[in-house]
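Worksheet: one structure, shown below.
Every number here is computed from the coordinates shown, using simple stated rules; none is lab data. All of these numbers come straight from a predicted model, not from anything done at the bench. When we count neighbours, we look across all protein chains shown, and the Cβ atoms used for this are built from the backbone with ideal geometry, even at glycine.
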Amino acid sequence: MVDQNKGQKRQEVKMLNRKLLEITGVLNVESFDSEEFLLETDLGFLTIKGQNLHIKHLSLEQGFVAIEGLVHSLAYLDGNAPSKSKSLFGKLFK
């Protein structure tokens, strides 16, 4: 969805009991298996990691995906994130 006033994109991520994940703003499902999904979204690439993951519902026309399984983590892959996370981890493990 595009906010008419600011031109910013909107994305919703809804998770129920770590077993059902619903995401809007999805442009494409780049890859997936039972342990990891890689989604291209309006706000960047998103990885979902877990166990027994599978697609419950997918509509790229509506930009919606629902994933079932046990969710362990969600992470956006940004060009700036690795350098920031390395410096953060570097500080933590000195």
GLU35 versus THR47: modelled label distance in nm, points set 7 Å from Cα along the beta carbon direction: 1.2
For LYS14, project a label point 7 Å along Cα to C-beta. Then give me every residue of the range 22-39 with its amide nitrogen under 12 Å of that point. 22-24
